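As structure tokens, the structure follows; a few thoughts come after it.
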Amino acid sequence: MVELKDVSVTYASGVDALNHVSLKINDGDFAFVVGSSGAGKSTMIKLLLKEIDATEGVVIVNGYNLRKLRRRKIPELRRTIGIVFQDFRLIPSMTVYENIAFVLRVIDAPYKYIRKRVPYVISLVGLQAKANSFPHELSGGEMQRVAIARALVNDPKLIIADEPTGNIDPELSYEIVELLKGINACGTTILMVTHEHDLVRHFGGRIINITQGEIVFDEILGGADEG
Amino acid sequence: MKVSGVRYLVQQGVDNVWKNRMMAFASFCVLLVSLLLVGISVLAYYNVNSIIGGIEEKNEVIVYFNDNTDDETLKEIGSKLRAMPNISEVVFYSKEEAYESLKASMAEYEVLFDSLGDDNPLVDAYRIKVNNIDEIQSTIAEIRKLDNIYSIRAPYDFVNILVQLRTILTWVMGAIILAMVIVSMVIISNTTKASVYARREEIQIMKYVGATDAFIRFPFFIEGMITGFFAGCMALVITWLVYDSVVNILQNQVALLNIIGMGSIIRFADIYIPVTVAYVVGGALVGAIGSAISTRRYINV
């Protein structure tokens, strides 16, 4: 669950990135966050990951009140969140398997569990044949699938996808969102930041529009694929 | 953390040395040069100090007594001298011994000695060696307080030169070693920073997936330790070879050895244990700590 209560973020430079934003995303929801660049989308992601702190207001993520969260407890919070980046951010020196297993090693998961869980997640994103490939041997779409598998492997309550279709072919974008929708159907909350309006129109659902640091639109719309 | 987790992190550290071998090699070279410079400076300092000590040993203070001093009083003074804290050796040198020695050294002037007959113009004396030559002045002042002393002969000028030389040497060597340690730390820290910077994305990803700071730092720590360990081993081998060659050259310089004394040069075989420990442990520690400090900057995501 994500809850922002009257949250404002002002950077040291004086720029107001978020201005009295209130928002609630319940467990199991799928929400698109749209808005032009500089609207405050990235600031919101940084806020949810506690990379930055709110200047005002309360931020609650998966039961953690981020204002009260101590620095050494940040890893605990982040282990409940899966993150997918636009530029994939895979470790080039690691294979697909290692890139995903790495997340479980970070949380000190038992070796047996890693050996069972990683191939399962790789099969969920349909990359069994590429498990031993290195990132440079994969296409953009495949790399993003690895990134999604990595976000998923720890069974997080929330996945934040920051422009996950931004660096891949448009026809593959639909596949990626389908994949995220499938994960959401299993109960994981998904927050997908995008500026691709066609994609949003196609899938529909909850759409949150941020403009100049304020929420100007927060509605549930029917998608083209439902019609 | 579980044993398997620690094993994984150690393995990561070992793998990283090979994966980042260019950076590891750069750190290795910097550490090697730094360790060699500091190590050779320290060894040179100890040798020079040992040589000065050897020269000191050859110096003695001679205390002459009034001609009429009886044997009882001389014995009493002898035990007083032995009781003084800075005096290491007290040897009685009778006027008869001195006379014989003088006659032997001036054999060509035998006529002169014949003219003296049985009359011995010399006086009894004690030959004294001091522990700490720096304190020779105060020791002599204390000796002067004793009765029946005719005169004291001490190598003041020579002592002063030695003491000054050692003081200057201590400061100069200390400054050189300190400067080298600081310069080495700065260079190592920057080399490691470059290595950490090259992997900043990896560190960021680790942070985003919930890695603790300790988890991120540990492989860098191991990597630095391994690099430092090998640099220490290599420095040890080079030092050993260079040191033994220099000692071999010096051992052929008979004239020089006559001045400084054969035993003044420290043999490598006598010091290889502390040198090995210092190089290997020092290298591993500097490498490990340098790496751990450098990761701090990129860890705050």
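Nothing in this text is a laboratory measurement; each read-out follows from the coordinates by a stated rule. Just so you know, these numbers come straight off a predicted model, no measurement behind them. Cβ sites come from the backbone with ideal geometry, for glycine too, and all protein chains shown count toward neighbours.
Principal-axis analysis of the Cα atoms of chain B puts helix B:156-198 at an angle of about 0° to the longest axis. Placing a pseudo-label 7 Å from each Cα along the Cα-to-Cβ vector at B:Asn132 and A:Thr211 gives an inter-label distance of 8.6 nm.
Excluding residues on the same chain fewer than 8 positions from A:Lys68, give the lysines whose Cα lies under 17 Å from its Cα. Qualifying lysines at Cα under 17 Å: A:Lys5, A:Lys46, A:Lys50. Using only side-chain charges placed at the Cβ, +1 for Lys and Arg and -1 for Asp and Glu, the dipole size of segment B:60-154 relative to its Cα centre rounds to 540 debye. Helices in chain B, meaning DSSP H runs of at least 4 residues, each add -39500 (n - 2.57). Divided by all residues, the mean residue ellipticity at 222 nm is -25500 deg cm²/dmol.
A Förster radius of 25 Å combined with the Cβ-Cβ distance from B:Arg267 to B:Ala179 puts the calculated FRET efficiency at roughly 0.30. Once the C-beta distance of A:Asn26 and A:Lys116 is scaled by a Förster radius of 25 Å, the resulting FRET efficiency is 0.25 to the nearest 0.05.
Taking Lys and Arg as +1 and Asp and Glu as -1, the other residues whose beta-carbon sits under 11 Å from that of A:Glu175 total -2.
The overall shape of segment B:106-165 is oblate: from the C-alpha gyration tensor, with semi-axes ordered a ≥ b ≥ c, the ratio a/c is 1.5 or greater and a/b is no larger than b/c. With a simple spin-label model that places each label point 7 Å from the Cα along the Cα-to-Cβ direction, the separation between B:Arg200 and A:Leu172 comes to 2.7 nm. Based on the alpha-carbon gyration tensor of segment B:137-258 and its eigenvalue square roots a ≥ b ≥ c, which shape applies: rounded if a/c is under 1.5, prolate if not and a/b is larger than b/c, or oblate? Taking the square roots of the gyration eigenvalues as a ≥ b ≥ c, segment B:137-258 is prolate. With the simple model of a label 7 Å out from the Cα in the direction of the Cβ, B:Asn252 to B:Val6 spans 5.4 nm. Using Cβ point charges alone (K and R +1, D and E -1), the dipole size of the protein assembly as shown about the Cα centre works out to roughly 2760 debye. Here the Karplus curve 6.51 cos²θ - 1.76 cosθ + 1.60, taken at θ = phi - 60°, turns the phi angles of segment A:21-35 into couplings of 8, 10, 6, 9, 10, 7, 4, x, 7, 10, 10, 8, 10, 10, x Hz, with x standing for Gly and Pro.
In order along segment A:191-206, the Karplus-derived 3J(HN,Hα) couplings, from 6.51 cos²θ - 1.76 cosθ + 1.60 at θ = phi - 60°, round to 10, 10, 8, 7, 10, 8, 5, 4, 5, 5, 4, 5, 8, x, x, 7 Hz, and Gly and Pro are given as x. Once Rg and the Kirkwood radius are both taken over the C-alpha atoms of the protein assembly as shown, their ratio Rg/Rh works out to 1.33.
Cross-link partners for B:Lys207 among the aspartates and glutamates, with Cα-Cα distance under 18 Å and sequence neighbours closer than 8 places in the same chain left out: A:Glu51, A:Asp53, A:Glu76, A:Asp87, A:Glu98, A:Asp108, A:Asp155, A:Asp162. Taking Cα atoms only, the orientation of helix B:21-57 departs from the longest principal axis of chain B by about 10 degrees. Among A:Pro164, A:Leu221, A:Val96, whose Cα sits farthest toward the positive end of the charge dipole of chain A (+1 at Cβ of Lys/Arg, -1 at Cβ of Asp/Glu, about the Cα centre)? Toward the positive end, the furthest listed residue is A:Val96.
Compared with the alpha-carbon gap, the fully stretched path from A:Lys5 to A:Lys68 is longer by 21.2 nm at 0.36 nm per residue. Angle of helix B:71-83 to the longest C-alpha principal axis of chain B, folded into 0 to 90 degrees and rounded to 10: 10°. In chain B, a dipole from Cβ-located charges (positive for Lys and Arg, negative for Asp and Glu) runs towards its positive end, and of B:Trp18, B:Val209, B:Leu112 it is B:Val209 whose Cα lies farthest in that direction.
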